[in-house]
Amino acid sequence: MPETTAPSPAGFPAEAALDAAMRAALAAAGLGPRGANPLVGAALLTADGALLGTDHHRGAGTAHAEAALLARLPELAGAAEIASLTLVVTLEPCDHTGRRGPCTQAIIDAGIRRVVYAADDPHAVAAGGARTLRDAGVQVRSGVLTEESRALNRRWQAAVREPRPFVTLKLAQSADGCIAAADGTSQWITGPEARRHAHELRARADAVLVGTGTVLADDPSLTARDPAGTLLPGQPLRAVMGLRPVPAGAAVLRGAGQEAPAAVLLRTRDPREALDVLYSRGVRHVMVEGGAQVAAAFLREDLVDEFSLHQAPLLLGRGLPALADLGIGTLADGLRFSPDPAGGGPVRQLGDDLWWHLQPG
């Protein structure tokens, strides 16, 4: 049972209980996938500081953390009076209608009268939730574990500030860092489980991007498909970046129905320019799938917010390296990545292959 001494102002649970609840909400937030939306978790507390439950946002198009948790109120609250409960959230509740309605309205409609959140929402479109809640008579506090919340979403926040899409770099390579053999063959370096996972990741993104070199070498369709080859719901925009002409018969230029129209051609080698164009089209999450020149260009510009690496237990020796020159001359200047615990953890075995989920720094 959390401490109930040293009560918090305005009838909120004790500070120790709020701190513990926010840590539980942050842990829940990390269960969600990174992408166009921030990682957000929520927790529900009784008046005496007992934790009733937590929930989290599961990705673009799904219920936000607050709404997901409040939907479970009947089972969580039992006989408790709703107005006596406190909702604890890792990010200021949103105040706009996107794919889902505003979380502020869900909170008000549920009858919650106290809300504690960690950090203000930096997104101008979604911000202002605290003010809306206060105007509706809800008691609101902020600033509990603010730095921890910001650290959880630091790259997403950087993308919002620029503004630009959040960027995931996805590579599939051999154990010695090759994406193709010396003769150019690359299908398939990884096994069916890793390929299925890669298609699931594609389906989460707003757009998937490759260079003209990849189109000329592999003629990919860039659609997100299930193992039977059927298009998954919510196809990403297909984008090709580069100055070389794309053959008229290329797979990416053949529409696959309304779900997957023909690709957009980005006539540039500048990754920031490519992101600007995609952002203007409403893209908020881009999955970059290569090849070596394009991947290196995004890395050189510090535009990779998440690194998704599928690695096969295979050695190719003189194969084609996954990355072109990064301009790094000494070990101390290497680009460091760290394990990312979000979205299922930093390492997972997929058949014979490994999936590394990494973040910059």
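The values are calculated or read from the model by the stated rules, or taken from the named source; none is laboratory data. Predicted model, so just to flag it, every value in this text is computed and none were measured. Note: ideal-geometry Cβ built from the backbone for every residue, glycine included; neighbour counts use all protein chains shown. Surface areas here come from the heavy atoms of the whole protein model, side chains and all, with no ligands, DNA or RNA. Shrake-Rupley method; radii C 1.70, N 1.55, O 1.52, S 1.80 Å.
Restricting the search to segment 293-319, which residues are outside any loop (DSSP other than H, G, I, E, B), crowded, with 20+ Cβ neighbours inside 10 Å, in contact (Cβ under 8 Å) with a residue 40 or more places away in the chain and not acidic (D, E)?
Result: V294, A295, F298, L299, F307, S308, H310, Q311, A312.
From the list G49, G53, pick out the single residue that is assigned to a loop (DSSP other than H, G, I, E, B), modelled with pLDDT of 90 or more, open to solvent by less than 50 Å² (accessible area, probe 1.4 Å) and more than 24 Å from A205 (Cα to Cα).
Among G49, G53, only G49 is assigned to a loop (DSSP other than H, G, I, E, B), modelled with pLDDT of 90 or more, open to solvent by less than 50 Å² (accessible area, probe 1.4 Å) and more than 24 Å from A205 (Cα to Cα).
Considering only residues of segment 62-96 that are of a type outside the set (A, V, I, L, M, F, W, C) and in a strand (DSSP E or B), which is nearest to D109 (Cα to Cα)?
Restricting to residues being of a type outside the set (A, V, I, L, M, F, W, C) and in a strand (DSSP E or B), the top hit is T86.
Identify, from the list D219, D183, D120, the residue that is closer than 23 Å to P13 by Cβ, at pLDDT below 95 and of a type in the set (D, E).
Among D219, D183, D120, only D120 is closer than 23 Å to P13 by Cβ, at pLDDT below 95 and of a type in the set (D, E).
With the requirement that a residue be open to solvent by less than 50 Å² (accessible area, probe 1.4 Å) and in contact with a His (Cβ under 6 Å, 6 or more places away or on another chain), what does segment 112-137 give you?
If the condition is that a residue be open to solvent by less than 50 Å² (accessible area, probe 1.4 Å) and in contact with a His (Cβ under 6 Å, 6 or more places away or on another chain), then A126 is the only one that fits.
May I ask you to list pairs of residues, at least six apart or on different chains, whose Cβ atoms are under 7 Å apart, with the first in segment 207-232 being more than 17 Å from V277 (Cβ to Cβ) and touching a residue at least 24 places away in the same chain (Cβ under 8 Å) and the second being open to solvent by less than 60 Å² (accessible area, probe 1.4 Å) and polar (S, T, N, Q)?
Correct list of pairs: D218/S186; P220/T214; T223/Q235; A224/Q235; L231/T223.
Which pairs have Cβ atoms under 9 Å, sit 6 or more apart or on different chains, and link a residue in segment 334-352 that is at pLDDT below 90 and open to solvent by 30 Å² or more (accessible area, probe 1.4 Å) to one that is hydrophobic (A, V, I, L, M, F, W, C) and part of a loop (DSSP other than H, G, I, E, B)?
G344/L31
Exactly one condition in (1) modelled with pLDDT of 95 or more; (2) open to solvent by 10 Å² or more (accessible area, probe 1.4 Å); (3) not in a helix (DSSP H, G or I) is false for D19; which is it?
Condition (3) is where D19 drops out.
On the basis of being within 27 Å of A14 (Cβ to Cβ), modelled with pLDDT under 95 and of a type in the set (G, A, S), does A60 make the cut?
no
So which residues in segment 120-137 are in contact with a helix residue (DSSP H, G or I) (Cβ under 8 Å, 6 or more places away or on another chain) and either assigned to a loop (DSSP other than H, G, I, E, B) or of a type in the set (D, E) (or both), if there are any at all?
Within segment 120-137, D120, D121, P122, H123, A136 qualify.
When you scan segment 237-254, how many residues do you find that are open to solvent by less than 30 Å² (accessible area, probe 1.4 Å) and in a loop (DSSP other than H, G, I, E, B)?
Qualifying residue count for the region: 3.
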